[in-house]
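Worksheet: one structure, shown below.
The values are calculated or read from the model by the stated rules, or taken from the named source; none is laboratory data. Since the model is a prediction, treat every value here as computed from it, not as a measurement. Every residue, glycine among them, receives a Cβ derived from its backbone with ideal geometry; neighbour counts consider all protein chains shown.
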Amino acid sequence: MAVARRSFLGGGLALAMLGEVAVAAPEASAMYGMIGKMKAKPGQRAALAAILGEGTGTMPGCLNYIVAEDLADADALWITEIWDSKASHDASLALPQVKDAIRRGRPLIAGFELGAELRPLSGVGR
């Protein structure tokens, strides 16, 4: 089931690629997370995954950023992000490496299918 551009809420880079999306603000001190399913144009999944994974280790406040291949869909990627706060996520969208990834990745994206904002409660990170 396809989700309209304006209703997609998953993937920080994906959010930035979509433009503005209205979402409810989580608690200021709470960790912040997102997960989303992104569809690459046919044959472009590996290239898109490489772009999304570049420079993610240098994003302040990012506790975990995972780009994963969907085993059942040759064109789909799942992006999972955990941040120390929503403010850190929002600030990441202004980083040069994120802006560059958006510019280079946007032409490889066919669409977005699922997404959710999360409030992480526990787990293991970097």
Matching residues, segment 96-126, being surrounded by fewer than 15 Cβ atoms within 10 Å (Cβ to Cβ) and among the aliphatic types (A, V, I, L, M): Ala116, Leu121, Val124
When residues of segment 78-95 are limited to those that are hydroxyl-bearing (Ser, Thr, Tyr) and surrounded by fewer than 18 Cβ atoms within 10 Å (Cβ to Cβ), the one nearest to Arg45 (Cα to Cα): Thr80
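Scan segment 98-120 residue by residue and report those that are more than 17 Å from Ala40 (Cβ to Cβ) and within 14 Å of the chain's Cα centre (by Cα). Steps first, answer last, please.
As a first pass, look at segment 98-120 and keep what is more than 17 Å from Ala40 (Cβ to Cβ): 98-100, 116-120.
Hits for segment 98-120 are Val98, Lys99, Ala116, Glu117, Leu118.
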Go over the candidates Leu77, Leu93, Leu114, Leu118 one by one and state the one that is aliphatic (A, V, I, L, M) and out of contact with any strand residue (DSSP E or B) (no Cβ under 6 Å at 6 or more places or on another chain). Leu93
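So which residues in segment 60-86 are over 14 Å from Gly33 (Cβ atoms) and either of a type in the set (Gly, Ala, Ser) or modelled with pLDDT of 95 or more (or both), if there are any at all?
Of segment 60-86, the ones over 14 Å from Gly33 (Cβ atoms) are 60, 67-77.
Val67, Ala68, Glu69, Asp70, Leu71, Ala72, Asp73, Ala74, Asp75, Ala76, Leu77, listed by residue number.
Got a number for residues in segment 36-48 being in a helix (DSSP H, G or I) and either charged (D, E, K, R) or surrounded by fewer than 19 Cβ atoms within 10 Å (Cβ to Cβ) (or both)?
Step one: filter segment 36-48 for residues in a helix (DSSP H, G or I), giving 45-48.
Restricting the remaining residues to those that are either charged (D, E, K, R) or surrounded by fewer than 19 Cβ atoms within 10 Å (Cβ to Cβ) (or both) gives 45-47.
Going through segment 36-48 one residue at a time, the tally reaches 3.
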Could you check segment 66-106 and list, in sequence order, the residues that are touching a residue at least 40 places away in the same chain (Cβ under 8 Å), within 20 Å of Val124 (Cβ to Cβ) and part of a strand (DSSP E or B)? Trp78, Ile79, Thr80, Glu81, Ile82, Trp83
